[in-house]
Structures are given as C-alpha cells and as structure tokens.
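J.: This is the structure I have questions about; it appears just below.
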C-alpha cells in the first residue's frame, strides 16, 4: 500500500485536489510552457509582475515562458457562451518576491467560463474553501465584491488615479489615510464615510451584510443581492466561520468586476489562494462570456510543517562488500513490504537522516 507520508506537501495537495475538482465535473486542461509574448504585452496590468522571460522561436516570433495560466485558458476559449469548466496543475515563471529572481512556481486551480450564474459562482467559492481545507483545516477564505467597491469609488470621484490610490488604501485597511485623502480632494463627507466604512468592513458574513445594507450605494444593490445569495448558499452547505466577508480584498478594476476572494493558511504569512470574477478581462479579449476562477500557489505549501517527515528514510541498511547480493535484495524487500522506507549502502551517507540502522555482513 502506498504511503502518502512520502509525498511532499505540494505533491499531496495536487493528488487530493485533482480528485476534488473532477468530482465537481471539472476537466483537466493542459497547455504549453510557451505563449506568444503579445498575449502578455496586451494584458500586462493583469499580471502579478510585468517582467516576463522572452525568447525568439526558430521562425523569429517572440515567445514567453508563461507567467499566468488564466490568460492561456481564455485565449483557447471558444466564443460561443457554452460553459467550460477546467482545472489545471501548471508551472508559471515569475519574479520571486523574496529573492527578486525568476522562479518556477507550481499552481493548481480552476476556471469556469461561459454563461455562468450564481450557482456556478457559489461552486467556485465552495471549491476554493474546500481546496484550503484539503491542505489544512486551519484556514480563512475572505470574500469581497468589486461591484460595491467600484460603485462607491465612482460616486466619490471620477479621477482614475485617485480611485486607484483609495482602493490601495482600502486594501491596506488604512481608514485614517482614506479620510485625509478624501478631505484633500474635496470628496463629500457622506461619500468619504462610505469608503472609510468599506475599509473597516470585515468579519462574519451575517454582521457584514447587516452593516453593508446601511451604506451600499444604490447603483450596487444588485451586487449586494448577489452577496446575500452567496451567503445563503454557503450557509446551507454548512460552510462556517472560516469563510468571511472582507472588503479589503480588492483587485484590478480594469479586469475584475464581481466576487473576489483570497485564502490564507495558518503558518504561512501570505495568501496562498486568490481568485474572482473577471468578466472585464474577457470583454477586453473580445469574448462575450463571464468568467470566474482561482489559483492555489503550491510553492508556498513548503512552509507547512508535516508530521512524519523528520527522517529521510526509516531504515539505513548497511551491508559489507562480502554480503551476498541475494541476502541484501531479500532483506530490503522484506523491510519495504513491512511498510518501511529503506536506503541501502556500504557506508553511512553524510547528510541522510534515518530512524534505525540494520547491518548485513
């Protein structure tokens, strides 16, 4: 029987998540490591970083090692409105935030594109929650709605750069600076109060919805209704306090328009999952559909401590040059059959860790 303790955290996650996504009808999507650089040049604001590894193909075309999966999936989507549900396990190539150098990063995630409805949105959020709980029960999934944030910003100002600045302050939960910026730019007090309230709007779903109903702009009532419907579906599915509403979760207004979310695991200092609705991105790529998805950053899972991994192997099987090969093979097979991992050698490896040593003469 296979011992799952032998898998690394990210390998075990891939194994379990593949089964989870398939159980909800998502089909595997495989893509090339390379894309035309123009795809990323046209949508550079959508990327985490605009630094992309490029090279020339044999025919002179400028190609890039893919820094993003969603754009590749959208590029291969047929513009028919038919629903497409896919999952992926792919490497992307980005600049590491810790080292400042390019790094190969493993992602897994799902995308749902087409004539999607609230049931599809709920399903993606549910799968985001279950993806996190598959890795660790100690998780939090924070959800926001760009429709409400965008409406509040539009009622406050038409200045695009000011909107972007205030949205960053909302993401930082910096209510004091929001008040000051609004005062300096002559934004009416009632509009400024809404923005300040949004920066403080986080916690259990019921409480946030009650507070939100008192300040939500009239133009965003449909977004509020969508949040209420999502909350009702989450509650009926048994999702508890680990899934919250938090309006500091915001994303690029140019691409995201609806539900957005971010996931965290205890023991990891940054978000390990991010996603949301990106209808605006599809529109910019001339695809008349809706879309929602998320990515789980598997490279971050190495920070999790996993029980049973304090040793490289269970047994160091030491044998002499005079040991009969048949005896060595038989003994190693016996130990492996008993469920132990075995490293056989004529001498003790310098850096190998092991639970016990067995010697064969």
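The values are calculated or read from the model by the stated rules, or taken from the named source; none is laboratory data. Predicted model, so just to flag it, every value in this text is computed and none were measured. For neighbour counting, all protein chains shown are included, and Cβ atoms are generated from backbone atoms with ideal geometry for every residue, glycine included.
J.: State whether the residues of the range 25-36 include one that is in the same structural domain as residue 298 (by TED's automatic domain parsing), at pLDDT 90 or above, out of contact with any helix residue (DSSP H, G or I) (no Cβ under 7 Å at 6 or more places or on another chain) and not in a strand (DSSP E or B).
T.: yes
J.: Determine which single condition residue 269 fails, assuming it passes every other condition in (1) free of Cβ contacts under 8 Å to residues at least 40 places away in the same chain; (2) within 17 Å of residue 112 (Cβ to Cβ).
T.: (2)
Residue-wise test of (1) in contact with a strand residue (DSSP E or B) (Cβ under 7 Å, 6 or more places away or on another chain); (2) closer than 21 Å to residue 120 by Cβ.
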residue: 179; (1), (2): no, no
residue: 183; (1), (2): no, no
residue: 186; (1), (2): no, no
residue: 194; (1), (2): no, no
residue: 198; (1), (2): no, no
residue: 208; (1), (2): yes, no
residue: 224; (1), (2): no, yes
residue: 232; (1), (2): no, yes
residue: 244; (1), (2): yes, no
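J.: Has the range 290-310 got at least one residue that is at pLDDT 90 or above, under 27 Å from residue 69 (Cβ atoms) and surrounded by fewer than 19 Cβ atoms within 10 Å (Cβ to Cβ)?
T.: Scanning the range 290-310 turns up no residue that is at pLDDT 90 or above, under 27 Å from residue 69 (Cβ atoms) and surrounded by fewer than 19 Cβ atoms within 10 Å (Cβ to Cβ).
J.: Could I ask something else about it? I'd like the residue in the range 109-160 that is under 21 Å from residue 201 (Cβ atoms) and surrounded by fewer than 18 Cβ atoms within 10 Å (Cβ to Cβ) and, out of all such residues, is farthest from the chain's Cα centre (by Cα).
T.: 154
J.: For residue 358, only one of the following conditions fails: (1) touching a residue at least 60 places away in the same chain (Cβ under 8 Å); (2) part of a strand (DSSP E or B). What is its number?
T.: Answer for residue 358: the failing condition is (1).
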